[in-house]
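Just below is one structure, and these are the notes that go with it.
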Amino acid sequence: MSYIDVTGKTEEEAIARALSQLNMERDDVSVEILERAKTGFLGLGSTPAKVRVTYGEEEKPAAPEIAPAKPKAESSPVPKPSAKPAVKPAPRVEKPAAEPVQKTREPAAKEERSAPAAHVPTRLGEEIQDEKAEAIHAFLSGLLEKMEVEAQIRVYLPEKGRYQVILEGPGMGQIIGRRGETLDAIQQLTGYCVNRAGTGRVRVAVDAENYRAKREESLDHLARKVAAKVVKYRRSVTLEPMNAYERHIIHAALQDEPNVATGSIGADPNRRVVVSYVR
């Protein structure tokens, strides 16, 4: 593998310079922050950020996963004489203490699961009705009719050039599909159809049952869980295949994580994120 060290006023500027020099995307490289930027006082004593961007073929470290940890766990309980008398009194003290801990955690977990449901599209403002919105309505109405799915189509314009489409109805499981694959395909086809007709290109995001926000939260949790495992065992972990949007979420979640770097291997649709340990 090869790497280059680049500086910039901020970490983001240094990463952008490196990607510009390599003519690569953020998804094709691994980033390690060597020095963080310091502003100093009144511009005096400021230091730029320095990052190391690694690129090229991966060394395929994913094969030896957490297997080395098993011999250590098996070799530790060798002392037989002291193990039996020490273990018996311990459970009697721990059982009463363990029960209230679970009871206090369960309500918190329920609150976290119910929180995403509150993110309804009421914050997107009023529905938009213009040429692009009419094209979105026309295309999705025909597509959903072919799929034999009844859904209400709501189109919003949260910012200029970006249309947010919310689908509501009883058959949203069929619309979302396995890991959002069907929803991604519908979004891609809708954007292609809308940009082919009329003038000016726009971005179209299609969502159903708040799937995007739930998936992003799930991937963020997965990224931090894997990062903790990588640091603990000092082994690289290769994640399941993801699309470009989901890989971006993993990269962004672990960008500032210490002792961790991310990169990608393979080709779409089987491109995967690799989370590696960095000393």
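What follows draws every value from the coordinates through simple rules; no lab data is involved. All of these numbers come straight from a predicted model, not from anything done at the bench. Here Cβ is always computed from backbone atoms with ideal geometry, including for glycine, and neighbour counts include all displayed protein chains.
Just how far, in whole angstrom, is region 131-193 from region 227-262 if you go by their alpha carbon centroids? Region 227-262 and region 131-193 have Cα centres spaced 31 Å from each other. Phi angles of region 223-229 translate, via the Karplus equation with coefficients 6.51, -1.76, 1.60 and θ = phi - 60°, into HN-Hα couplings of 4, 6, 5, 5, 4, 5, 5 Hz per residue; Gly and Pro are given as x.
Assuming charge only on the beta carbon of Lys and Arg (+1) and of Asp and Glu (-1), the dipole of region 121-209 about its Cα centre is about 420 debye to the nearest 20. Cβ-to-Cβ counts within 10 Å put LYS146, LYS214 in ascending order as LYS146, LYS214, the fewest first. Using r as the Cβ-Cβ distance of HIS221 and ARG196, and R0 as 30 Å, what FRET efficiency do you calculate, to the nearest 0.05? So the FRET efficiency works out to roughly 0.20.
Given Cβ point charges of +1 (Lys, Arg) and -1 (Asp, Glu) and nothing else, what value in debye, to the nearest 20, does the dipole of region 2-55 about its Cα centre take?
On the way: 7 positive and 9 negative charges, 58 e Å.
The calculated dipole for region 2-55 is roughly 280 debye.
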